[in-house]
Every structure is written in C-alpha cells, then in structure tokens.
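Visitor: After the structure tokens below, expect a handful of questions from me.
The values are calculated or read from the model by the stated rules, or taken from the named source; none is laboratory data. These numbers were taken from a predicted model, which means no experiment stands behind them. For neighbour counting, all protein chains shown are included, and Cβ atoms are generated from backbone atoms with ideal geometry for every residue, glycine included.
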Amino acid sequence: MPDTVPDPSASTPSSEWNKPWNYTHLGIAWSVGLLFKVTFLPCMCAIGNWRMGVGFWFDALIALRIAVAYTRNENGPGWAIYALLCYTSAFWIHGLTSWILKMNGTLHC
C-alpha cells in the first residue's frame, strides 16, 4: 500500500462554521422586522392587538437568543436563520395568527 497523507481539511469543519455571529446584521434584521410589524400588523381591534403581542413576544425571544449567543461566543451560520425570521416576521406572524383565528372561526379583521 502506498503511503498517503490524509487531507487535514477533510476532517475540519468549513470556515463558515468558525466565523462568529454577525451581531450587526442581526440588530439590523431585528429592527427592520420590528418596523415591518409595527407597520403591517396593527389594526384597531382586539385581533390587531393580539397580533402585535405575538410579534413583541417573538422579538423578546429573539433578543434573548441573541444575548445567549453573545454570552456563549457562538460561531457558525445559525445567526442567518434568526435574521431571516426577523426580516419576514411580520408576514409569517400575520399568516400564523390568521390561520389560528380561522381554525377558531373568528377571522374578521
């Protein structure tokens, strides 16, 4: 058998997994998502208030997750998932709450 040297890069994770989270981008995504929620979710009824409450709870959970990641010095591309969730939160929260209201038979706002 010929002597072969194993490729050291084959057993190490990609460089993307070694990069720290991009907290600047996450802060921007969180702010843009909040702006979208304030713009698109409210209506002058209890359902609009409930949708805004769901949005604010989501924002609080994301802020807590970012704080935990910062404290633990987490690396990897996981931050991109949270950024995508923040950017699109107004739209999927509206869809989710509409679906919940439709299942309960109370969709009117």
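Visitor: For residues that are free of Cβ contacts under 8 Å to residues at least 60 places away in the same chain and surrounded by 13 or more Cβ atoms within 10 Å (Cβ to Cβ), scanning just segment 64-77, find the one that is farthest from Pro20 (Cα to Cα).
Guide: The qualifying residue farthest from Pro20 (Cα to Cα) is Arg65.
Visitor: Within segment 6-28, how many residues turn out to be modelled with pLDDT of 90 or more and of a type in the set (Val, Ile, Thr)?
Guide: Matching residues across segment 6-28 total 2.
Visitor: Between a first residue in segment 44-62 that is under 19 Å from Gly27 (Cβ atoms) and a second residue that is of a type in the set (Val, Ile, Thr) and assigned to a helix (DSSP H, G or I), which pairs have beta carbons less than 7 Å apart while being 6 or more apart in sequence or on different chains?
Guide: From residues that are under 19 Å from Gly27 (Cβ atoms), the pairs are Gly55/Ile93; Phe58/Ile93.
Visitor: Does Ile62 qualify as being touching a helix residue (DSSP H, G or I) at 6+ places or on another chain (Cβ under 9 Å) and modelled with pLDDT of 90 or more?
Guide: It is true that Ile62 is touching a helix residue (DSSP H, G or I) at 6+ places or on another chain (Cβ under 9 Å) and modelled with pLDDT of 90 or more.
Visitor: If only one of Lys19, Lys37 is touching an Asp or Glu at 6+ places or on another chain (Cβ under 8 Å), of a type in the set (Lys, Arg) and without any contact (Cβ under 8 Å) to a residue 60 or more places away in the chain, which one is it?
Guide: From the options Lys19, Lys37, the qualifying one is Lys37.
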